[in-house]
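J.: Below: one structure in structure tokens.
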Amino acid sequence: MSQEQHQRARVAAQDDLDGVAETLAGAFNQDPVWGWAFRVSERGPEPLRAAWEFLADSALDYGWVWCTEGYAAAAVWIPPGKRELKPEEEDRFESMVRQLMGEDASRLFATWECFERSHDIELLQQPYYYLSLLATHPDHAGHGFGMGLLADNLKRIDAEGIPVYLESTNRANDKRYERVGFRPCGEFELPEDGPNVLQMWRDPA
């Protein structure tokens, strides 16, 4: 498959869920925050992959789960006024995580609560798109596919005149986000001496 095909962005469908989840899991296994929260080094990648697949599946009907051909890159967006998990899915998600994580589930849920509380800042009391997950498959890292997908998505959101919010869980990516218009708007600490997370905001271009 050509590089041009790997860069071609499209909305993901149900048939794409497995490929999207594989890309998300591969990219986040070594993430400073989510690798730590899911204890990937001790429990392996399956709990993280299952969680990301659940989140992507939940967001599919919003029409804002995106991928490129061959799943070189994937993004999960939550549109204004929507939730990452619908109320009827929350118990199912919690049960799945407890089954996969055992006693480590409490640490993950505490981490998740920190992310949820981060949305209480004044800046976020207006409509915004939330970039929940952005990933490049490890086999395609270093070719700009993830940032290319982000640029495509931001162009579409700019056409609506709506701002964007994200949390940077890998500080190596901060400068990349700043180059496409994001700016820091806050920071929060995770429990149990976990890493810090940078909050970032982008006004529409």
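The values are calculated or read from the model by the stated rules, or taken from the named source; none is laboratory data. Since the structure is predicted, the reported quantities are computational estimates derived from the model, not experimental observations. So basically every Cβ, Gly included, is an ideal-geometry build from the backbone, and we count neighbours across all protein chains shown.
J.: Suppose the filter is aromatic (Phe, Trp, Tyr), surrounded by 13 or more Cβ atoms within 10 Å (Cβ to Cβ) and within 17 Å of residue 65 (Cα to Cα); does residue 145 pass it? Steps first, answer last, please.
T.: Values: aromatic (Phe, Trp, Tyr): yes; surrounded by 13 or more Cβ atoms within 10 Å (Cβ to Cβ): yes; within 17 Å of residue 65 (Cα to Cα): yes.
Criteria met by residue 145.
J.: Something else now. Please count how many residues of the range 177-189 are buried (at least 16 other Cβ atoms within 10 Å of the Cβ) and part of a helix (DSSP H, G or I).
T.: The total comes to 1.
J.: Let me ask you something else. With the condition kept exactly as written, say whether any residue in the range 159-167 is part of a helix (DSSP H, G or I), at pLDDT 95 or above and either closer than 19 Å to residue 76 by Cβ or under 17 Å from the mean Cα position of the chain (by Cα) (or both).
T.: For the range 159-167, residues part of a helix (DSSP H, G or I), at pLDDT 95 or above and either closer than 19 Å to residue 76 by Cβ or under 17 Å from the mean Cα position of the chain (by Cα) (or both): present.
J.: Within the range 105-134, can you find the residues that are touching a helix residue (DSSP H, G or I) at 6+ places or on another chain (Cβ under 7 Å) and surrounded by fewer than 19 Cβ atoms within 10 Å (Cβ to Cβ)?
T.: Across the range 105-134, the qualifying residues are 105, 107.
J.: Looking only at residues in the range 17-64 that are in a helix (DSSP H, G or I) and among the polar types (S, T, N, Q), which one is modelled with the lowest pLDDT?
T.: Within the range 17-64, the match that is modelled with the lowest pLDDT is 41.
J.: Within the range 119-139, work out how many residues are over 21 Å from residue 56 (Cα atoms) and polar (S, T, N, Q).
T.: Counting residues in the range 119-139 that are over 21 Å from residue 56 (Cα atoms) and polar (S, T, N, Q) gives 2.
J.: Now for a separate question. If you scan the range 1-16, which residues turn out to be small (Gly, Ala, Ser) and at pLDDT 95 or above?
T.: Scanning the range 1-16 gives 12, 13.
J.: Here is a follow-up. Filtering the range 167-205 down to residues that are without any contact (Cβ under 8 Å) to a residue 40 or more places away in the chain and among the basic types (Lys, Arg), which residue is farthest from residue 149 (Cα to Cα)?
T.: 183
J.: I need the full set of residues from the range 65-97 which are part of a helix (DSSP H, G or I) and under 21 Å from residue 117 (Cβ atoms), in order please.
T.: Scanning the range 65-97 gives 87, 89, 90, 91, 93, 94, 97.
J.: Shifting gears a bit: Can you give me the number of residues within the range 190-204 that are under 18 Å from the mean Cα position of the chain (by Cα) and either assigned to a strand (DSSP E or B) or not hydrophobic (A, V, I, L, M, F, W, C) (or both)?
T.: Residues flagged as under 18 Å from the mean Cα position of the chain (by Cα) and either assigned to a strand (DSSP E or B) or not hydrophobic (A, V, I, L, M, F, W, C) (or both) within the range 190-204 amount to 8.
J.: Let me ask something else. Within the range 23-71, which residues are more than 17 Å from residue 101 (Cα to Cα) and either in contact with a Pro (Cβ under 6 Å, 6 or more places away or on another chain) or of a type in the set (S, T, N, Q) (or both)? Spell out how you get there, then give the answer.
T.: In the first step, residues of the range 23-71 are kept if they are more than 17 Å from residue 101 (Cα to Cα); the result is 23-24, 26-27, 30-32, 56-71.
Those that are more than 17 Å from residue 101 (Cα to Cα) and either in contact with a Pro (Cβ under 6 Å, 6 or more places away or on another chain) or of a type in the set (S, T, N, Q) (or both): 23, 26, 30, 32, 58, 62, 64, 68.
J.: Might you let me know whether the range 177-195 holds any residue that is modelled with pLDDT of 95 or more and of a type in the set (Lys, Arg)?
T.: Yes, the conditions are met somewhere in the range 177-195.
Okay, residues lined up against (1) farther than 24 Å from residue 164 by Cα; (2) under 14 Å from the mean Cα position of the chain (by Cα):
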site: 73; (1), (2): no, yes
site: 82; (1), (2): no, no
site: 85; (1), (2): no, yes
site: 94; (1), (2): yes, no
site: 99; (1), (2): yes, no
site: 122; (1), (2): no, no
site: 134; (1), (2): no, yes
site: 138; (1), (2): yes, no
site: 145; (1), (2): no, no
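J.: Find all pairs meeting these conditions: Cβ atoms under 7 angstrom apart; at least six residues apart or on different chains; first residue within the range 145-157 and within 16 Å of residue 203 (Cβ to Cβ); second residue surrounded by 19 or more Cβ atoms within 10 Å (Cβ to Cβ).
T.: Between residues of the range 145-157 that are within 16 Å of residue 203 (Cβ to Cβ) and residues that are surrounded by 19 or more Cβ atoms within 10 Å (Cβ to Cβ), the close pairs are 150/75; 150/134; 153/66; 153/75; 153/77; 154/164; 157/129; 157/164.
J.: Could you list, in sequence order, all residues of the range 118-158 that are in contact with a Phe, Trp or Tyr (Cβ under 7 Å, 6 or more places away or on another chain), in a helix (DSSP H, G or I) and either under 18 Å from residue 22 (Cα atoms) or at pLDDT below 95 (or both)?
T.: 118, 123, 124, 149
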